[in-house]
Every structure is written in structure tokens, then in C-alpha cells.
Amino acid sequence: MSFDDRRRNVRSLLFFAVALLGTVVISFVGSFAGAADRGELALGPRYTATAFDRGLPPAPDARPGPRVALTFDDGPSPQLTPYILDVLAAKRVRATFFLQGNHSADHPDIVRRVQAEGHVVANHGWEHPWFPDLTPEETEVEIARTNQVLTDLTGVRPTLFRYPFGQPSPAGDAALARLGITGGIHWKWTSNREGDFQCPGADRMVDYVVTEAADQAMLLLHDAGDVVSCSPDQLQYLPRAIDELRARGFTFGVVAPSPERSAINAGSPAAVVP
Ligand SMILES: [Zn+2]
């Protein structure tokens, strides 16, 4: 091999390396730009609409019939919330998200997506404390700071609050009254089924949702917190349970404040509305 041949070989190798590097850089930038366009960071599974989903009417939930509300607590999380939002969009279901302030501040793009896709954004406190242990000042911060972050991110002021663990406190009730937020939003849980945070798996989660479903039921589900440690396969309960409830004649609504207390939801001052 002459010196010139070797130089040509080195040059073509260099050219190949540069081209390869360029391709890697371009595809990396491309995928990053794609993620940025979607406005969110997703660290978990995603859901792709099926042919059945694509055949659903655009807004099937104004029909009469028994109505349930899917409520998701403790989010948002990049592990679970994007999948849940994918499913709800594919199934044309609106839901109610009781978001934590700290998680919302960490994942603002997911909060904006929740709002943009027509779901109700509600307040679940800043970092999920046991409210009876808080001072009045801490209580006020938990509720007011969370409401401010959610308002700043969505442009809409939340009017619903669910206590962490469903555990109220007199100071919390006073702060909510002062801030004009409806608190004490509980849920229906009358079976002895395990909840999603206990990682029962997809089959038992479908059974839980279908068993608890009733007209005006607010079903307790989670998109962050303990449920992040469950197998990601458990998430498959959601499209299955939605299809099963629809097959049984249910429609899906969101939680709204109500002067009437809802007996099946532990006296919550709220109703499930289209
Ligand atoms: Zn919670």
C-alpha cells in the first residue's frame, strides 16, 4: 500500500466517522425536538389508539345513563401520567386530576397537557402531608401555594381540593373556606378490593373499577406516589376498564362542586357532571 493509498483510506475513514457522528447528532436533536414539541417528558409506557378507539364517536359522554368520574391523585409523574392521558384521549374520556404542588412544579408541561386535553385540574396539597399534624400556617401554604402554581400553569384557578389520605383538619377547612375552594372531596370505596397503590395488577384493577362503578361514583386512582413502584403492566387496566364500563352503559364525567352532599362518595360536596 503506497503512502497515498493509506492517506486515501484514512480520509475515507474520517469521512465515514464524521457522517456517522452527524447522523447521530441529527437524530438525537430530532428526537429531542419531537419530545419538546409534545411538551412533556415521558419516562414510562405510552398508549397507542387501537382501531376500536379510532371508531369511537368524538364526544360520546353527553349520553344519559349512569355516570362515573375517574379521579387520579398525587400526580403528575413522567412515569404514569403520559400513558393515562394517552388512554383518556384515545377513549374520549375526561377525568379529574388532584395534583400535588411539588410534582406540578417539577413537571409543568404535564400539568399543561392535563389542562389542554380538557381534564379538570384540582388541588391535592403541596407534598401530601397528614393535615392534622400541620400548623395553621403550614396548612395555608400547602393549599394556597399549590393553587397558585396550578393557576400559573393552566390559567385556571382550581376550585376543588382533596385532602391527602382523605384526612381533613379544622385548619384545613378554615383555609379552604377563606380561599373559596371546595374541600372534602372523597371517593366511593365500598368493596374490600385493593387499590392501585397496592399493586394488585391489571386484572384485579379492572375488577376494582368495575365493582366500585355506580351512578355518581368518584373512583380513586393514582398517577404518581406509591403506584409508580407497581409493574408498568398494571396500567393496562385503564383502557380495559373504560371499555368494560362503556359496555355496561356507563358514561364518564368530571367532579364539580355541588351544594348537595354525595352520599355514595362519603358525603363529598360534589357531583359527577358531563
Ligand atoms: Zn393522595
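The values are calculated or read from the model by the stated rules, or taken from the named source; none is laboratory data. Since this is a predicted model, take the numbers as computed values, not measurements. We place every Cβ from the backbone using ideal geometry, glycine too, and count neighbours over all the protein chains shown.
Applying the condition of being part of a helix (DSSP H, G or I) and within 16 Å of the ligand (Cβ to nearest atom) to segment 115-138 and asking which residue is surrounded by the most Cβ atoms within 10 Å (Cβ to Cβ) yields F131.
The listed residues are D61, D109, D53, and the only one of them that is modelled with pLDDT under 95, surrounded by fewer than 20 Cβ atoms within 10 Å (Cβ to Cβ) and not in a loop (DSSP other than H, G, I, E, B) turns out to be D61.
Could you give every pair whose Cβ atoms fall below 7 Å, whose first residue belongs to segment 226-255 and is closer than 12 Å to V209 by Cβ and assigned by TED's automatic domain parsing to the domain that holds D207, and whose second residue is at pLDDT below 95 and surrounded by 13 or more Cβ atoms within 10 Å (Cβ to Cβ), counting only separations of at least 6 or pairs across chains? Listed by first residue and then by second, the contacts come to F252/D61. When the residues of segment 224-274 are filtered to those that are under 15 Å from V93 (Cα atoms) and in contact with a Gly (Cβ under 7 Å, 6 or more places away or on another chain), the one that is surrounded by the most Cβ atoms within 10 Å (Cβ to Cβ) is V272. A single member of A266, A213, A202, A256 is within 16 Å of the ligand (Cβ to nearest atom), modelled with pLDDT of 95 or more and among the small types (G, A, S), and it is A266.
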